[in-house]
Amino acid sequence: MKLTVDGNRCTGHGRCYTVATDLLGFDDEGYVTARGQVTDVPDNQIPFAREAAGTCPEGAITLIGD
Amino acid sequence: MTHVAGEDQDVAARVDGKCPVIHLDVSTPLTVGSYWQKADELREGSPAFFNSIGQGYWIFTRYEQVRDMYQHPEIFSSESITPWEPDPAYRFVPTQIDPPEHSKYRQLLSRWFAPNAINQITPAVHELGRNLVAGIAPRGECDFVSDFAMRFPTEVFLTLVGVPASDADLFVPWVEEFFRGFGGDQAQQAAMMQALGGIRGYWAAALDERRAEPAPRDGDLASHLLHSTVDGAPLGDDLILDMLVVLVLAGLDTTRGQLGYLFRHLADNPDDRHRLAAEPALIPSAVEEALRLYTIIFGDGRKVTRETDFHGCPLRKGDMVYGLVAGANRDPRVYDRAHEFVLDRKANNHLGFAGGPHRCLGAHLARRVMQVAVEEWLAAIPDFRVATGEPLLERGGGNMMALFSLPLAWEVEGA
């Protein structure tokens with residue numbers, strides 16, 4: 001599975017990296033570092049990736065291959 | 001409220017049968033829960049209404065519409081965020097600045113309120129919370145709203161921006177006075193403007209004290225803003241004061257409101273209270289659930305920039321709209337068990353901190369304040385109850401909602 005964060009939609013709510021601490025990190029301004037990128041999701045992180053996507057108030061996270 | 005008859009008729013003529021017309025005053029205090037009930041009724045009645053009060057404004061009631069409003073600042077300007085006051089006498093920066101200018105000002109502040117900055121002051125937040133609770137616990141009773149919920153976020157905020165926490169003595173009454181008028185109560189406008197003057201004067205004095213210093217003071221936001229530039233030019237006092245004032249107004253009263261509802265829930269629900277005391281790792285998700293179910297933002301206003309059809313509503317430039325955040329956050333189209341407090345809820349994508357570019361700057365701070373409040377309170381006062389048989393009153397939804405008072409009581413050992 002892969003995870004993408006739409007850089008135009010993400011506004012730094014920080015919900016994703018709070019629920020998927022081992023998968024996603026944040027920068028000095030509070031944005032997820034995966035913003036605007038494609039991130040590989042290891043199998044053991046799949047439940048956390050789903051939770052991250054579901055918890056984003058902007059609907060900025062898309063899971064590919066789920 | 002200004003009332004222009006010609007404009008009223010103009011708007012009324014555009015409201016067709018698809019969009020029900022209501023006459024709703026959201027400024028009056030009601031018994032606790034009334035505004036959420038109203039939000040539920042409106043949302044299930046129609047996705048959009050026209051409210052004929054004052055100059056009139058559109059109301060969007062469901063999650064999808066409210067998020068759409070937030071995510072389209074090019075249509076929904078923040079020039080006014082109060083639909084009953086399309087041309088406000090104050091200017092909040094960056095709150096009322098639209099993209100693309102908005103991000104220039106927002107960036108000056110974002111690091112100060114980002115998770116790294118909040119993590120850095122978290123030990124101090126615990127200490128402030130522990131001290132406040134330690135002063136209250138032996139009494140066996142308190143008014144949670146005035147004794148803790150207003151005081152704690154104020155002390156934390158002042159610490160974060162680098163001024164003495166004890167200046168909460170000044171800020172608490174100013175913020176109280178301001179919000180007596182902000183929700184549309186015309187009798188309170190003079191007191192509101194006077195309180196605004198007090199807050200602005202405090203920061204103006206702080207700027208004067210720091211102005212001559214060659215380098216920014218470490219951990220001091222006022223000093224940092226004096227040394228900041230936008231498009232190569234210094235900000236100037238007016239703009240800096242617009243920013244510092246809105247941080248005070250947006251941050252303190254809101255957290256107070258949210259804490260009041262959260263602690264009322266904990267007082268009334270011993271199972272949730274005991275579970276959080278036993279499993280503090282669940283506190284963050286309980287805080288998110290309080291932000292969703294007990295949303296203090298009844299609605300959020302925007303001003304329409306151009307003629308457009310929005311979910312069937314024929315909007316025109318200058319119209320005011322009101323996204324019912326309380327309706328969105330309790331929308332059963334989005335949430336299972338939408339009207340229950342689910343302590344470990346998953347996929348909680350609530351709009352309690354708004355959405356789009358104006359997403360609450362202080363969200364990370366507010367969350368931490370609430371998390372620490374629960375943790376420190378439960379450590380000292382694990383069991384407590386609402387100590388009145390009278391119905392609790394909440395401030396109208398025209399403001400951020402808040403309980404006026406929350407009397408709590410608990411047993412004191414050895415008393």
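Assorted remarks:
- Residue satisfying all of: in the stretch B:14-33; among the β-branched types (Val, Ile, Thr), surrounded by 13 or more Cβ atoms within 10 Å (Cβ to Cβ) and within 24 Å of the chain's Cα centre (by Cα); nearest to residue B:339 (Cα to Cα) among these: B:32
- Of the criteria (1) among the small types (Gly, Ala, Ser); (2) within 17 Å of the chain's Cα centre (by Cα); (3) modelled with pLDDT of 95 or more; (4) on the phi > 0 side of the Ramachandran plot, which one residue B:149 fails: (4)
- Subset of the stretch A:1-27 that is part of a helix (DSSP H, G or I) and open to solvent by less than 50 Å² (accessible area, probe 1.4 Å) - its residue that is farthest from the other protein chains (Cβ to nearest Cβ): A:16
- If you filter the stretch B:90-121 down to residues that are β-branched (Val, Ile, Thr) and more than 17 Å from residue B:246 (Cα to Cα), you find that the one that is farthest from the other protein chains (Cβ to nearest Cβ) is B:121.
- In the set B:187, B:212, B:204, only one residue is in a loop (DSSP other than H, G, I, E, B) and either out of contact with any Phe, Trp or Tyr (no Cβ under 8 Å at 6 or more places or on another chain) or modelled with pLDDT of 95 or more (or both); that residue is B:212.
- Selection count where residues are part of a loop (DSSP other than H, G, I, E, B) and touching a strand residue (DSSP E or B) at 6+ places or on another chain (Cβ under 9 Å), scope the stretch B:362-389: 4
- Where helices (runs of 4 or more DSSP H) fall wholly inside the stretch B:260-349, the ranges with 3 or more residues that are surrounded by fewer than 19 Cβ atoms within 10 Å (Cβ to Cβ) and of a type outside the set (S, T, N, Q) are B:270-278.
- Residue in the stretch B:324-343 that is among the hydrophobic types (A, V, I, L, M, F, W, C) and in contact with a strand residue (DSSP E or B) (Cβ under 8 Å, 6 or more places away or on another chain) present: yes
- Looking across the stretch B:125-177, the residues that are in contact (Cβ under 8 Å) with a residue 40 or more places away in the chain and small (Gly, Ala, Ser) come down to B:129, B:134, B:137, B:140, B:146, B:149, B:162.
- For the stretch B:388-409, a tally of residues being without any contact (Cβ under 8 Å) to a residue 24 or more places away in the chain and either touching a helix residue (DSSP H, G or I) at 6+ places or on another chain (Cβ under 9 Å) or among the basic types (Lys, Arg) (or both) returns 0.
- Options B:180, B:211; residue that is over 21 Å from residue B:91 (Cα atoms) and in contact (Cβ under 8 Å) with a residue 12 or more places away in the chain: B:211
To keep it simple, each residue is scored yes or no on (1) open to solvent by 60 Å² or more (accessible area, probe 1.4 Å); (2) at pLDDT 95 or above; (3) closer than 21 Å to residue B:235 by Cα; (4) not in a helix (DSSP H, G or I).
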position	(1), (2), (3), (4)
B:35	no, yes, no, no
B:53	no, no, no, yes
B:58	no, yes, no, yes
B:64	yes, yes, no, no
B:70	no, yes, no, no
B:73	no, yes, no, yes
B:92	no, no, yes, yes
B:109	no, yes, yes, no
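- Among residues of the stretch B:345-361, those that are in contact with a Phe, Trp or Tyr (Cβ under 7 Å, 6 or more places away or on another chain), of a type in the set (Gly, Ala, Ser) and more than 7 Å from chain A (Cβ to nearest Cβ), counted: 1
- Flag if residue B:402 is away from every other protein chain (no Cβ under 14 Å), surrounded by fewer than 18 Cβ atoms within 10 Å (Cβ to Cβ) and farther than 20 Å from residue A:53 by Cβ: no
- In the stretch A:28-62, the residue that is nearest to residue A:11 (Cα to Cα) out of those that are in a loop (DSSP other than H, G, I, E, B) and more than 8 Å from every other protein chain (Cβ to nearest Cβ) is A:31.
- Considering B:182, B:171, B:144, the condition of being closer than 28 Å to residue B:305 by Cβ, within 19 Å of the chain's Cα centre (by Cα), buried (at least 19 other Cβ atoms within 10 Å of the Cβ) and among the hydrophobic types (A, V, I, L, M, F, W, C) is satisfied by B:182 alone.
- Cβ-Cβ contacts under 8 Å between residues 6 or more apart (or on different chains), taken from a first residue in the stretch B:327-340 that is on the phi < 0 side of the Ramachandran plot to a second residue that is of a type in the set (Asp, Glu) and open to solvent by 70 Å² or more (accessible area, probe 1.4 Å), are listed as B:333/B:64.
- Put simply, of B:342, B:325, B:304 the only residue that is under 22 Å from residue B:58 (Cα atoms) and within 14 Å of chain A (Cβ to nearest Cβ) is B:325.
- Residue identified as more than 24 Å from residue B:107 (Cα to Cα) and among the polar types (S, T, N, Q) among A:11, A:39: A:39
The values are calculated or read from the model by the stated rules, or taken from the named source; none is laboratory data. Source: prediction; values computed, not measured. With ideal geometry, Cβ positions are generated from the backbone for all residues, glycine too; neighbour counts draw on all protein chains shown. Only protein heavy atoms, including side chains, enter the accessible area calculation; ligands, DNA and RNA are left aside. Shrake-Rupley method; radii C 1.70, N 1.55, O 1.52, S 1.80 Å.
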